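For reference, the structure discussed in these notes is given below.
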Amino acid sequence: MNFINQLLPSQQKQKFKARVLNSLSAEPEIVARMATRVIKVGVSNYLNWNYREEKQRILAYLEQRRTTEFEFRFSASSTMPTLYASIYACMLLGLLGELDYLSLNDKRRWLDYFDQMQSESDGYFRDPVLAGNDYEIGGMWGDGWGIRHLAGHIIIAYGRLGGQPRYPFKFLSPFYDDTYLEAWLGKFRFTANVWSASNYIMNLYSLLQYARDFMGEQRAAKPVDRIAGWMTTLQSPETGMWHNYSIQGYPELGDAIRGAYHFYPLFTYEQRPVAYREKVIDQIIKSQNSWGGFETEKRPSGACEDIDALEPLIRFVSQTGYRRSEADLAIKRAFVWLLAHRHADGGYESLMENGCHYGGHPQTESHPRQSNLFATWFRTLTLAYVTRFLNMENGYDISRFPGYEIAL
């Protein structure tokens, strides 16, 4: 019970709810449901959590979303399977070690499904269900959804299945030219909305890393090195992040953390040291709210915001030992917050009590209080990092691929 007392210093649920109600600018009934989920659902799930049951819930959820052998619907409200959903299902099965039981023939057939979506002309992947201008250019989600974003995810699915795309990534060809690369890098200022710009950069460099290491494209080595050097010169010594604005609190604090999360994996995958790790830890710890998530007190944090803070916090505390006891408590509180997003169907919600309009596309969205495959994958990956840090018994298989998934 000591942990619960630390989690809720007042030790009184009603006082906690009243404080939350006063601080949040949402409808009272929604806030009340959120408070109830954190206190009752999150804490209960934390105290009763074990890997075996967690895995079985996720597997059951995947079966609910499955339409054919390799096709899945994004959420219960989706009416058609999508390539995004199939990728998330594949990555989830990889994290849970289930792809080890798939025959080589079945893996090849799943790879064939991916291959049929790849365009020979440029190497991008195009799902007819998602086709449209927003998919090609990112739309209102920028590079947080769409053609480059999906490519940055599917390379992990290919890695999990032991294959590589049928066609080369011709879309990377301009970045092999020094003049083009320098002009491209010169477009970024990090004066606002670093999250969006960093998504674009992460998608690009992780695809360059994959092309170099998995597709034998040695021309990709030079731009990867150049981007890493460029990023090193722009990292703030005050925060260890990338921003050309002062940080007093939210929203700048959140934007800087979420942007930096997209950059650290380049250094981690390349086994290059990350500077100012203690500064990063300081910033992330102070960004946690009373829910246990990583957002302003006026709103809950989503699946992205939570892993954006927790992955570098866990990795850098593990490496340095800096503020270990404080980080331990922060991560336990975050564990409760994460588990409050689990639903009875075994899947996870993106943003508590809110719908997920992923990319603004009707086939990659979910309703309020509804699970979806994106959130289930991202929160499961977060739980894999969290349980490893807390030395909890688990069977997660975190592998090593460019981008989102790099073992501690």
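Across the range 62-72, what is the number of residues that are within 21 Å of L161 (Cα to Cα) and assigned to a helix (DSSP H, G or I)? Can you show your working first?
Step one: of the range 62-72, the residues within 21 Å of L161 (Cα to Cα) are 62-63, 65-72.
From what's left, assigned to a helix (DSSP H, G or I): 62-63, 65.
Of the residues in that region, 3 qualify.
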Tally of residues being farther than 15 Å from Y358 by Cα, of a type in the set (S, T, Y) and surrounded by 14 or more Cβ atoms within 10 Å (Cβ to Cβ) across the range 110-139: 2
Taking the condition touching a His at 6+ places or on another chain (Cβ under 7 Å), hydroxyl-bearing (S, T, Y), open to solvent by less than 40 Å² (accessible area, probe 1.4 Å) and not in a helix (DSSP H, G or I), does S290 pass? no
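Of A375, A334, A344, which residue is part of a loop (DSSP other than H, G, I, E, B) and either out of contact with any strand residue (DSSP E or B) (no Cβ under 9 Å at 6 or more places or on another chain) or modelled with pLDDT of 95 or more (or both)?
Values: A375 fails: part of a loop (DSSP other than H, G, I, E, B); A334 fails: part of a loop (DSSP other than H, G, I, E, B).
None of the other options fit; the residue is A344.
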Report, by residue number, each residue of the range 317-338 that is buried (at least 23 other Cβ atoms within 10 Å of the Cβ) and under 23 Å from Q271 (Cα atoms). V317
Which one is farthest from Y51 (Cα to Cα), of the residues in the range 344-356 that are open to solvent by less than 40 Å² (accessible area, probe 1.4 Å) and of a type outside the set (A, V, I, L, M, F, W, C)? G355
From (1) in contact with a Leu (Cβ under 9 Å, 6 or more places away or on another chain); (2) buried (at least 23 other Cβ atoms within 10 Å of the Cβ); (3) closer than 22 Å to T79 by Cα; (4) modelled with pLDDT of 95 or more, pick out the condition that doesn't hold for G359. (4)
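Test A89 against the criterion of being more than 14 Å from D127 (Cα to Cα), assigned to a helix (DSSP H, G or I) and touching a Lys or Arg at 6+ places or on another chain (Cβ under 8 Å), and give yes or no.
yes
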Only one of these is among the charged types (D, E, K, R) and more than 19 Å from D255 (Cα to Cα): R189, R166. Name it. R166
Having 1 or more residues that are farther than 23 Å from A407 by Cβ is the bar; report the helices (runs of 4 or more DSSP H) wholly within the range 165-275 that clear it. 178-185, 194-214, 221-234, 252-261
Cβ-Cβ distance below 7 Å, separation of 6 or more or different chains: which pairs start in the range 275-288 with a residue that is within 17 Å of I307 (Cα to Cα) and end on one that is open to solvent by 40 Å² or more (accessible area, probe 1.4 Å) and among the aromatic types (F, W, Y)? I281/Y322
Scan (1) touching a residue at least 12 places away in the same chain (Cβ under 8 Å); (2) of a type in the set (D, E, K, R); (3) open to solvent by 30 Å² or more (accessible area, probe 1.4 Å) for the single condition D225 breaks and write down its number. (1)
Evaluate the following for G97: is it within 20 Å of T364 (Cβ to Cβ) and either out of contact with any Phe, Trp or Tyr (no Cβ under 6 Å at 6 or more places or on another chain) or open to solvent by 40 Å² or more (accessible area, probe 1.4 Å) (or both)? no
Taking the condition of being part of a helix (DSSP H, G or I) and not aliphatic (A, V, I, L, M), how many residues in the range 293-331 meet it? 15
Conditions: (1) in a helix (DSSP H, G or I); (2) open to solvent by 40 Å² or more (accessible area, probe 1.4 Å); (3) within 16 Å of D225 (Cα to Cα). K279 meets all but one. Number of the miss? (3)
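The values are calculated or read from the model by the stated rules, or taken from the named source; none is laboratory data. Please read these numbers as outputs of a predicted model, since none were measured by experiment. For neighbour counting, all protein chains shown are included, and Cβ atoms are generated from backbone atoms with ideal geometry for every residue, glycine included. These area figures cover heavy atoms from the full protein model, side chains too; ligands, DNA and RNA do not enter into them. Shrake-Rupley method; radii C 1.70, N 1.55, O 1.52, S 1.80 Å.
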